[in-house]
Amino acid sequence: MTVASELPSLLAAIVGTRSVLARPSELVVYRSDGLPGYTKQPRLGVFPRTRDELVAVVRLLAERSIPFVPRGAGTGLSGGALADDVVLIGLNRLTRILSVDPVERLAVVEPGVVNVALTRAATPYGLHYAPDPSSQAACTIGGNVAENAGGPHCLKYGVTLNHVRAVTAILPNGEIVRLGNAEGEADGYDLLGAFVGSEGCFGIALDVTVRLSPNPQSVRTLLADFTSVGDAARATSEIIASGIVPAALEMMDGATIRAVEASIYAAGYPVDAEAILLIELDGLSAGLETDVARVEAMCKTAGARTVRIARDEAERARLWQGRKKAFGAMGRISPHLVVQDAVIPRTRLPDVLATIHEIAHRQRITVCNVFHAGDGNLHPNIGYDANDPDEQARVHAAMREIMAACVAAGGTITGEHGIGLDKLDYMDLIFSSESLAAMCRLREVFDPDRRANPGKVVPVHSCREWHGVRKAAWNA
Amino acid sequence: MARRTEGSVERLTFDAAAARTTAAAPLPAAAAPAAARPTSVADVREIVRDAIDRRTPLRIVGRGTWLGAGRPVRDARRIELDGLTGIVDYTPGDLTLTARAGTTLAEISAATAQHGQWLALTPWGGDAGSLGATAATASAGPMSGTLGAPRDIVLGLEAVTGVGDIIRGGGRVVKNVAGFDLTRLNIGAWGTLGVLTEVSVRLRGLPEQDASVALAVPNAESALADLLARLRTAPIAPLALEILSAALVRTLGLGTDTVIVARLAGNAEAVAAQRGALAQFGDVSDVPTEMWNRLRVIEPPDASTVRLSSPVARFAETWATASRLAAAGDGVAHGSLLRAVARVILPHADGDLPSAAVDALQATARDVRIFERLPASLWPALSPDVVSGALSRGVRDAFDPHRLLNPGILGDARA
């Protein structure tokens, strides 16, 4: 009997037959993640419901040298959670919040806990979990840790890395390790720092201890509208340079505004604007209005037609809903969508946005920009029809040109979405072969056999001592 | 509150600065080859490759201000980075800066202040040290509870690994998840995975107002615990909230009794409101902001330094432990209330810790202890090794397989 034929029953012995999916038709929904355009068929899907089941699954796969891909909610935007003919381990049933400690301002959660569910659990204590990816209503903390996820409010409060105190992880070989220290300072190598953002290549988090943040005393949300993207970009640069740190500073261009306003997520954005800035200031009540007035003045000086301040929580929520659902709104326009995630120095926003506009014009494609302007983290979205080979080729060429322009401006290729499959080809643009080889060596410390999320993050050819992808044991 | 006199401050600052320079661990001068003084990353690579060929360990030296820290490094050639200096890239509007590793924090501070900005890494030890050493040792200071420690503030770095490769992690932009995190890996590794050659950091705008106040503190542990609990939910957002032992308060010329010093920053209204909020908890008096820089260089030349940390709820107890330890060793203590970390500085007598202090140190094991400086003889008993797990050893093997970079400083010499 081969491994291939006996694996489903071995896994079923651990998690039960209903938690193992082996038929291709059952696995269709797991063939892609949040980024349409890539489809990979998992060989098997296994969905443990408890920590013990997860541990047993990982150890079984280790014994049999079988590669696997961990997956949270599958909302990632880099193709990172796709399992190409290997075992997919779904973590979305490990949803227990193990503890919320309002004194220490810490929570311990299983990897499948949904981001917003954690904040909901912390709300009674006046606390929240700060990293807030746009997909926060669906994405999981385990996935956030794997991707070192960001979100609009990371401008002031930092990304996932800054909010994770400790992780208990199971390594691909089945060993359980504790990284970081929630009881005090951590000494020695920052293995937790290495684990956060390792895109599922270093192991699977069994539990995550995160920091909870006190809710700010006051929040003000401003909507500034501009007749040109360049003016909005200049306002952004002015605000950042002023030293005021907004909680969030988001930009949406005209194409995005109109897509949102035509959708069920309409937020009341001015449809004749060429750009809007959504700016949030928060903190102590004392002195906040002074900063609001300064930011309002900077927007007006840069050319804002109007600056509107949300009057109440309902209006604020509506303004944010339009931003957070913008990707969804664009889905109405085109059958396919690609999105990039480059980060550029913030002073370069005006000229890089102009370059993107020029590239789009020349390649005859439509780029919608909705992004974290305060961080310089761009999200150019390109809608297209994948059944039109000519359009697809132009989109592909534009993507490369945009990425090259961002790198040339001193930027990086991904700020929060991760490399996954989607940006593997761009790694050579920013890292030398020596740096890539160092990353390979680091991966091998956690996973010498490279069985966890194989083929992701670092291009195969970069690993000097790479001996070719190990064949899955069942094909041997 | 009694005020310090200008004269004593000058003397104190001067002494402390001089002390740190002379605090260097004695090196085996006769046996060691001449120190290497690279001026470029290519030089560093050459030196490391030469060390690999000859199997000669390297002692990495930034500005030489804190060489007494960490476990002793034996029989090594010094690689001194004080020639690898200068700001490589600084665009004020981006609030980011890149400098070569040997650049002093003082030089960076001077450059950024011209644009109303600062590097909020204000580590214990002052600004005479280098950016590279600050990152390598993950040295934090009083502002790290709000503005971040090196792992939060460093955006990217370049290093020469123990296999002689030049690697770069991260970048110069404020958000970056490209590739596995070589940056975090090298921060706090004390140079044992690579000689840092360049570091990029996030800057902040200098606050409009920057005022510090001292709050009187009750002596009883339970009363302190109650105060700390109430402070945690007070409408304040201080940059730093540091408790100072009475002996330290006296040394700094701020008075005679234990105080909590709050650094309040922001616009005028925000600072005034926070001052008012703090006044609800007791007597509040103004303290010169300059105090923070003096606090950073308070360590005498020959001393042991230990940090004790604990869960927030237990910090009053940890502070009591720190105070007892300081008293036993005739030293001083201070602690970050925002991070729940106490730091105790114990002066040596004739190059060693008094036995009462050693006994008191043994009694601190309930807290998480991180030792910065100790007499060489105490390391094996108190903290022999922090590269003890299989993963840590694997990381060391991957980046410095020959154990040539600062061997032993983390207690990681191959058995």
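Readers should treat all values here as calculations from the given coordinates under stated rules, not as data from a laboratory. Bear in mind that the values here come from a model prediction, so they are computed numbers and not experimental data. Cβ placement follows ideal geometry from the backbone for every residue including glycine, while neighbour counts extend to all protein chains displayed.
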Counting only Cα, what are the radius of gyration and maximum Cα-Cα distance Dmax of the protein assembly as shown, in Å?
-> 27.2, 87
Relative to the present Cα-Cα distance, how much length would full extension add between residue A:181 and residue A:218 at 0.36 nm per residue of separation?
-> 10.2 nm
Work out how much length residue B:402 to residue B:46 would gain on full extension: take 0.36 nm times their residue separation and subtract the Cα-Cα distance, in nm to one decimal.
-> 126.6 nm
Expressed as a whole number, the average count of other chain Cβ atoms within 10 Å around the Cβ atoms of B:336-345 is 1
Quickly estimate the mean residue ellipticity at 222 nm for chain A, helices only: each DSSP H run with n ≥ 4 gives -39500 (n - 2.57), and the total goes over all residues, rounded to 500.
-> -10000 deg cm²/dmol
With a Förster radius of 25 Å, plug the Cβ-Cβ distance of residue A:393 and residue A:29 into 1/(1 + (r/R0)^6) and report the FRET value to the nearest 0.05.
-> 0.30
Based on the Kirkwood radius over alpha-carbon pairs, what value in µm²/s does the Stokes-Einstein equation return for the translational diffusion coefficient of the range B:103-217 at 10 °C and 1.306 mPa s?
-> 107 µm²/s
Tensor-based shape of chain A (alpha-carbon gyration tensor, a/c under 1.5 rounded, otherwise prolate or oblate) = prolate
Number of partner chain Cβ atoms within 10 Å, mean per residue of A:190-198 = 6
Expressed in Å to one decimal, the Kirkwood Rh of the range B:345-415 from all distinct alpha-carbon pairs is 13.9 Å
Measuring from the lowest to the highest alpha carbon on each principal axis, how far does the range A:311-365 reach, largest first, in angstroms?
-> 41, 34, 17
Show that you can apply the helix-only estimate: for chain B, add -39,500 (n - 2.57) for every DSSP H stretch of four or more residues, divide by all residues, and state [θ] at 222 nm to the nearest 500.
-> -9000 deg cm²/dmol
Distance in nm between residue B:222 and residue A:290 label points, each 7 Å along Cα→Cβ, equals 4.2 nm
Under 26 Å from the Cα of residue A:423 - lysines, other chains or at least 8 residues apart = A:40, A:324, A:325, A:456, A:471, B:175
Take the Cα gyration tensor of the range B:94-168, multiply each eigenvalue by 5, square-root it, and list the three semi-axes largest first, rounded to whole angstrom.
-> 21, 14, 12
What are the semi-axes of the equivalent ellipsoid of chain B, taken as the square roots of 5 times the eigenvalues of the Cα gyration tensor, listed largest first and rounded to whole Å?
-> 35, 26, 19
At what distance in angstrom do the alpha carbon centres of the range A:409-434 and the range A:160-194 lie from each other?
-> 25 Å
On average over all directions, what projected area in square nanometres does the range A:3-90 have, based on the convex hull of its Cα atoms?
-> 5.2 nm²
Rg/Rh for the range A:385-425, where both radii come from Cα atoms and Rh is the Kirkwood radius = 1.04
Using only alpha carbon positions, build the gyration tensor of the range A:334-427, then give the equivalent ellipsoid semi-axes as the square roots of 5 times its eigenvalues, largest first, whole angstrom.
-> 21, 15, 12
Taking B:188-196, B:402-410, B:227-235 and ranking on average Cβ neighbours within 10 Å, highest first, one gets B:188-196, B:402-410, B:227-235
Provide the FRET efficiency to the nearest 0.05 for the residue B:114-residue A:351 pair, computing r from the beta carbons and using R0 = 35 Å.
-> 0.90
Over the range A:216-333, consider all pairs of different Cα atoms and compute the Kirkwood hydrodynamic radius from their mean reciprocal separation; express it in Å, one decimal.
-> 14.2 Å
Rounded to the nearest 0.05, what FRET efficiency do residue B:88 and residue A:312 have when you use their Cβ-Cβ distance and R0 = 41 Å?
-> 0.30
